[in-house]
Amino acid sequence: MNTSFRLFVMMVLQLAIWGAWAPKIFPYMGMLGFEPWQQSLVGSAWGVAALVGIFFSNQFADRNFAAERFLAVSHLIGGLALVGTAFATDFWPFFACYLVFSLVYVPTLSVTNSIAFANLKDPAAGFGAVRMGGTVGWVLVSWPFVFLLGAQASVEQVRWIFLVAAIVSFAFAAYALTLPHTPARKDAPGIDNLAWRRAFKLLGAPFVLVLFIVTFIDSVIHNGYFVMADAFLTNRVGIAGNLSMVVLSLGQVAEILTMFLLGRVLAKLGWKVTMIIGVLGHAARFAVFAFFADSIPVIVAVQLLHGICYAFFFATVYIFVDAVFPKDVRSSAQGLFNLLILGIGNVVASFLFPELVSKLSAGGSVDYTTLFLVPTGMALAAVCLLAVFFRPPSHGPVAETDDVPATATAAQV
């Protein structure tokens, strides 16, 4: 089994854990009778985990554990926490179990990226194909729920979203020990040079600051999609509850193609245009949600834009950081953007969109047109910022060197 395929399977398992529960968690919490503020608090757990991850994974785990062993232990604990989440029906036990899962799972997202970048000969060209494994995992894990859930699923049925995730997590804990050995980085930044300080210094470079702001906006939009999409499909569009996850997974099917093509797209269009297309994908999808909710074929078809939304922006950001910043600040920069994508954006989306749903609800129905125009407008604002102010130091991926203008600029801030 060659290295690229082993890393591909790693991504399959990593994202399958997330994909098992993400589309249904907010509707499930509604079934349990959780108040909007309680649902928002659960959503904020990933923000806490992302913040803790900057300190723990960058300052302790990276310096003391081989990456593959860190994954094994984290996913064993995460699997146990998911089992607890599945059987907790009161808010505080549910929140406690989910928080433990978040604390051990969120750091592994950056660790798997690090393992991939460390073991690929040409990360800019090869990461897209490896990361495509995560997309495959997200798609595959949605299919068992066609049989596990009914059209009007009960609490007992929907709790399988966490049990399936736990099963995959246990499998990944074992598989992680077979991954290429990625030793502890004894020379990683120590306590006197904290990762978050190094990361935030990078904001002194204008192109980093603009990308930081746009990533925040787009991460709120992206996470908001998972907060709202399943309820929209089942309650407004009329798609059966056991089929909604499959419909949502069509976006990941499209992501397979876009991740496969990402390296060539970046080489041809460059960083800026690729990112703009990715954000425009969000604007187009939510605009369709707003104005074409009565057409099931159109709503199903527009899910295919998800591949463009993820690959052309978020995956591009990860590759951009690895390609542009000098080696001694890449880990810090990845932590900074992970904090936005997995943490702060998730927290803001978890509070913003449930509150908007509540305010736009009347008589048991939601004004989805107004609701979806909010993320549409946010996406268009982000596109304007990229188009006018984002000036990357290189057009696209170039041969790695420590002396290109990009690394010089980043290193000086």
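Against the definition (free of Cβ contacts under 8 Å to residues at least 60 places away in the same chain, closer than 20 Å to Ile17 by Cβ and not acidic (Asp, Glu)), how does Ala116 come out, yes or no? Full working, then the answer.
On the way: free of Cβ contacts under 8 Å to residues at least 60 places away in the same chain: no; closer than 20 Å to Ile17 by Cβ: yes; not acidic (Asp, Glu): yes.
No; evaluated as a whole, the condition is false for this residue.
Are there helices (runs of 4 or more DSSP H) fully within segment 243-336 with at least 3 residues that are surrounded by 22 or more Cβ atoms within 10 Å (Cβ to Cβ)? List them.
Values: elements: 244-291, 296-302, 305-309, 316-324.
So the answer is 244-291, 305-309, 316-324.
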Take the residues in segment 124-144 that are open to solvent by less than 30 Å² (accessible area, probe 1.4 Å) and not hydrophobic (A, V, I, L, M, F, W, C), then tell me which one is nearest to Ser4 (Cα to Cα).
Gly126
Please verify whether Gly345 is under 29 Å from Thr108 (Cβ atoms) and either in a helix (DSSP H, G or I) or modelled with pLDDT of 95 or more (or both), treating the condition exactly as stated.
yes
Among the residues of segment 5-22, which ones are surrounded by fewer than 24 Cβ atoms within 10 Å (Cβ to Cβ), farther than 16 Å from Val111 by Cα and not aromatic (Phe, Trp, Tyr)?
Ala22
Only residues in segment 226-246 that are closer than 18 Å to Leu304 by Cα count as the first member; pair them with residues that are open to solvent by 30 Å² or more (accessible area, probe 1.4 Å) and part of a loop (DSSP other than H, G, I, E, B), Cβ under 7 angstrom, at least 6 apart or cross-chain, and list the lot.
Val246/Trp143
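Among the residues of segment 214-223, is any open to solvent by less than 20 Å² (accessible area, probe 1.4 Å) and not in a helix (DSSP H, G or I)? First the steps, then the outcome.
Restricting attention to segment 214-223, the residues satisfying the condition of being open to solvent by less than 20 Å² (accessible area, probe 1.4 Å) are 214-215, 218-223.
Filter once more, keeping what is not in a helix (DSSP H, G or I): none.
Among the residues of segment 214-223, not one is open to solvent by less than 20 Å² (accessible area, probe 1.4 Å) and not in a helix (DSSP H, G or I), which makes the answer no.
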Test: Ile25 is modelled with pLDDT of 85 or more and in contact with a His (Cβ under 9 Å, 6 or more places away or on another chain):
no
How many residues does segment 229-242 hold that are open to solvent by 10 Å² or more (accessible area, probe 1.4 Å) and either assigned to a helix (DSSP H, G or I) or of a type in the set (S, T, N, Q) (or both)?
6
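Step by step: first the residues of segment 118-143, then only those that are assigned to a helix (DSSP H, G or I) and in contact with a Gly (Cβ under 7 Å, 6 or more places away or on another chain), then the one that is nearest to Pro397 (Cα to Cα). Which residue is that?
Filtering segment 118-143 for residues assigned to a helix (DSSP H, G or I) gives 118-119, 123-142.
From what's left, in contact with a Gly (Cβ under 7 Å, 6 or more places away or on another chain): 124-125, 128, 137-138, 141-142.
On the way: Ala124: 7, Ala125: 9, Gly128: 13, Gly137: 27, Trp138: 28, Val141: 33, Ser142: 34 Å.
Of everything passing the filter in segment 118-143, Ala124 is nearest to Pro397 (Cα to Cα).
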So which residues in segment 151-189 are modelled with pLDDT under 70 and open to solvent by less than 20 Å² (accessible area, probe 1.4 Å), if there are any at all?
Ala188
Quick check on Val374: is it β-branched (Val, Ile, Thr), open to solvent by less than 40 Å² (accessible area, probe 1.4 Å), part of a helix (DSSP H, G or I) and closer than 30 Å to Ala49 by Cα?
no
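Checking the conditions here, which among Ser110, Ser102, Ser114 is open to solvent by less than 10 Å² (accessible area, probe 1.4 Å) and either under 23 Å from Gln334 (Cα atoms) or assigned to a helix (DSSP H, G or I) (or both)?
Details: Ser110 fails: open to solvent by less than 10 Å² (accessible area, probe 1.4 Å); Ser114 fails: open to solvent by less than 10 Å² (accessible area, probe 1.4 Å).
After ruling out the rest, the residue left standing is Ser102.
The values are calculated or read from the model by the stated rules, or taken from the named source; none is laboratory data. Here the structure is a predicted model, which is why all the values come from computation and not from measurement. Methodologically, a virtual Cβ is constructed for each residue, glycine included, from the backbone with ideal geometry; neighbour enumeration extends over all protein chains shown. To get the accessible areas, we keep the full protein, side chains included, count just its heavy atoms, and leave off ligands, DNA and RNA. Shrake-Rupley method; radii C 1.70, N 1.55, O 1.52, S 1.80 Å.
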